[in-house]
Amino acid sequence: MSQFAVILPAAGKSSRFHDKHYKKPFAPLAGKPVWLHSAERFLARKDVKQVLVVIAREDREEFDRKFAANVMILGIDVVEGGAERADSIQNALARVKPGIDYVAVHDAARPCLADEWISRVFDAAEKSDAAILAVPVAATLKRVDAGKQIEETVPRANLWEAQTPQVFKRQLLLDAYAARAGFQATDDAQLVERIGRKVTVVQGSPINLKITTQEDLRFAEHALKALPKPKTFNTGNPFAEDDMWK
């Protein structure tokens, strides 16, 4: 069985979330913080040998105060991020354990994930070295100028919206990051594409939404109810009390 590490980036600024109390990965959702919903889907898998959560340096003290004991119980590694998303992933890559075959990157703020989707994208990565979840673009796309006027309608044929997890052979992802030379990619597949390697697309689901706004958080509460429950952990339910993250 291949061994996987999972990196959960949670070091962004959450500028569009507009909550003075929480950044989006740490906001409460259905009884636990958003990032834990994401983490639990991977912690339940036998092929996942390491989960790393990447947080901003300025969040470290607060994160440790709220979650340090739980992180220790669950065996999660906490990594401080960098100035940009790619810098944060690179910091986490340096902490991946020896013996890991594949590295998956999954947005900590994407909590509505089904085990079946993880298995499909993991299997595809094992066959092709690089695979991502994505969904076909269904809406009509408009290119708009700075004055909010439509410049053109963009054909949507063969256009897909990238999601996570994005899963790569470990050395392939290391090579892609070594070659980035400061380039700030918007996802990891883009870096792999830049070194000339193909990335397989595995169809995901619109339910696998990324929380960006408060409205997304409300949608996620309903979406979670449509997913199978993840495996529970014998941790004394450390996140059951609301005051754990207040």
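At a glance:
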quantity: Residue among 61, 40, 221 with the largest mean-square fluctuation in a Gaussian network model of the chain, springs linking Cα atoms under 10 Å; calculated: 61
quantity: Candidates 159, 43, 141, ranked by Gaussian network fluctuation over the chain, Cα under 10 Å, top entry; calculated: 141
quantity: Principal axis dimensions, the chain - Cα atoms, whole angstrom, descending; calculated: 54, 43, 35
quantity: Potential lengthening between residue 69 and residue 97 on full extension [0.36 nm per residue; Cα-Cα distance subtracted]; calculated: 7.9 nm
quantity: DSSP bridge pairs, the chain: antiparallel proportion in percent, nearest 5; calculated: 45 percent
quantity: Approximate spin-label separation residue 119-residue 174, in nm, with each point projected 7 Å along Cα-to-Cβ; calculated: 3.0 nm
quantity: Selection from 162, 93, 72, by position along the positive dipole direction of the chain (Cβ); calculated: 162
quantity: 5 angstrom amide H check on residue 79, placed H, neighbours 5+ away; calculated: 53, 54, 55
quantity: Length released on extending from residue 186 to residue 44, taking residue separation times 0.36 nm less the Cα-Cα span; calculated: 48.3 nm
quantity: Three-way shape label, the range 117-178, alpha-carbon gyration tensor, a/c 1.5; calculated: prolate
quantity: Highest-MSF residue in the chain out of 78, 105, 154 [GNM, Cα springs under 10 Å]; calculated: 154
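Only the coordinates and a few stated rules stand behind these numbers; no lab work does. Note that the structure is a prediction, hence the values are computed from the model and not measured. As a convention, Cβ positions derive from the backbone with ideal geometry for all residues, glycine included, and neighbour counts pool all protein chains shown.
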